[in-house]
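Below is one structure, written out as structure tokens; comments come after it.
Each reported figure results from applying straightforward, stated rules to the coordinates on display, with no laboratory input. Model, not experiment: these values are computed from the prediction. For neighbour counting, all protein chains shown are included, and Cβ atoms are generated from backbone atoms with ideal geometry for every residue, glycine included.
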Amino acid sequence: MRVLVLGGFGLIGSEICRTLLKAGHEVVSLSRTPKDASRLLPQVEWHTGDMRRLQDPGEWHHMLIGVDAVINAASALQDGLLADLEAVHHHSVKACLDACIERGIIRFVQISATGAEPNAPTPFMRTKAAGDDAIMDSSIDWVILRPGLVLAPSAYSGTALLRLLVAFPYWQPLVMADRRMQTVHVEELTEAALMAIEGRIPAHADIDLVEEETHSFEDLVRGMRAWLGFSPARYTIRMSEKWAGVITSIANGLGHLGWRSPLRSTALQVLEGHVAGDPTLWHAISGRYCRSYQDTLGILPSTTQERWFSKLSLMLPVLVLTLSLFWVLTGVITLIQMQDATNLLAESGTTLLQSQFLLASAAMIDIVLGVAILVRNLARQVCLAMVLMTIIYLIAATILVPDLWADPLGSLLKAVPAMMLALITRSLLTTR
């Protein structure tokens, strides 16, 4: 079969693509960055597309040529600079459905979520439910899969939040520790999607993909900490909803700058409403239940790279903030102490006006770079610009005031680790 996978560059979508390819199917997908996606999955035929923009059936036809079935694994956690929930979860899905019906495609598999209902407390769940309703109201043969908390070798959203929390040394912060959750291994989700596409699941089945047992969020954190091989926390701090609200407000603000933090309010609101479902129908269809949380952890890799991810995901916002403050304050201090700065250049042969122009220009560049790194779409390029500007500053200082290399406070030498910090941060800002 030839299958169109929506969201094929995402965590769940990419695993679905691999499962379909392994089963011998052709896979088509779309991405805002098809060149990057093709490096990850070169066997997939990639189209350029942004589901925030594809809200007319006619815009889907060229991607549906020769397609036998569609799997929708596209998802966004919260509205922000790079996400529009209503567009991605509802309007684009409706447009794709209409195009499928026009082209005679009869099979559509929707990856939804447990708790997706019209009256759900979060826009994420409500817009997911709107997309589900559009599918169920159509004439197409549909199957809806509702996974619980999806555990996979890579991490995003809820699983990224788990890994971030357990990286705290010695003490364990927790919020909504008593909320109940059920998990599912990503392979079980992709297998169910394959069965649905191949007609091994009856049409119009609405299935919760969750394990039998439920766990408290605190139990999940404790299990994740042990799985990664971290020492048990000596102290547990249960944060009040007030402090959790402060943190999520900051994360939400950063979301408008493009930062998709797992600490945004939607992630915690989903936890607040529990992540649980009924595994009965899946057991009746497949003859088995999904793996338990402990069994899932037992087959997931737990190596140095997983521990690095956990610790570095905790450190990344600190690194970005450190670079931002360093560059902004450097520029501000230069402007405030312009007279002292020009005195350093007095013996270099430059005039007072030239010195002031050079210093003021450098200060403004520093401030602009310090602010620009806070915008997610610009951050990687800004890190590179910081490295280049540091090299320029070091070369200029070597020519104009070489004595600064012997400064007992290391004013020039300290620029080298700052430059390396920008390089390290840039390498951590890759999203896939």
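Numerical summary
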| quantity | calculated |
| --- | --- |
| For region 124-205, Kirkwood radius (reciprocal of mean inverse C-alpha pair distance, Å) | 15.4 |
| Test item: Cα-centred dipole of region 40-118, Lys/Arg +1 and Asp/Glu -1 on Cβ, debye | 160 |
| Helix-derived mean residue ellipticity, 222 nm - over the chain, DSSP H n ≥ 4, -39500 (n - 2.57), to 500 | -15500 deg cm²/dmol |
| When region 338-432 is reduced to its Cα atoms, the Kirkwood hydrodynamic radius in Å | 14.6 |
| Span-like helix ranges in the chain, DSSP H, alpha carbon extent 27 angstrom or more, Kyte mean at least 0.0 | 304-336, 352-372, 376-400 |
| Karplus-derived 3J(HN,Hα), 6.51/-1.76/1.60, for each residue of region 46-53, Hz, glycine and proline x | 9, 10, 7, x, 10, 5, 5, 10 |
| Stokes-Einstein D in µm²/s, Kirkwood radius over Cα pairs - region 1-48 at 4 °C with 1.567 mPa s viscosity | 128 |
| Cα-based Rg and Dmax for region 328-393, where Dmax is the largest Cα-Cα distance (Å) | 13.3, 42 |
| 36 Å tail of the calculated P(r), the chain, as % of Cα pairs | 37 |
| Cβ charges +1 (Lys, Arg) and -1 (Asp, Glu), total dipole of the chain, debye | 880 |
| Distance between region 308-384 and region 101-180 - C-alpha centres, whole angstrom | 41 |
| Net charge of Cβ neighbours under 12 Å - reference Gly58; Lys, Arg +1; Asp, Glu -1 | -3 |
| Selection from Pro123, Phe168, Ile135, by position along the positive dipole direction of region 123-180 (Cβ) | Phe168 |
| Signed unit charges on C-beta, dipole axis of region 307-409, positive-most listed residue Val375, Thr334, Leu345 | Val375 |
| Global size of region 86-242 as Cα Rg and Dmax, reported in angstrom | 18.6, 61 |
| Cα-based Rg / Dmax (Å) for region 173-255 | 18.1, 51 |
| Rounded, prolate or oblate (a/c below 1.5 giving rounded, otherwise prolate when a/b exceeds b/c) for region 273-322 by Cα gyration tensor | oblate |
| Rg/Rh ratio calculated on Cα atoms of region 56-116 (Kirkwood radius) | 1.00 |
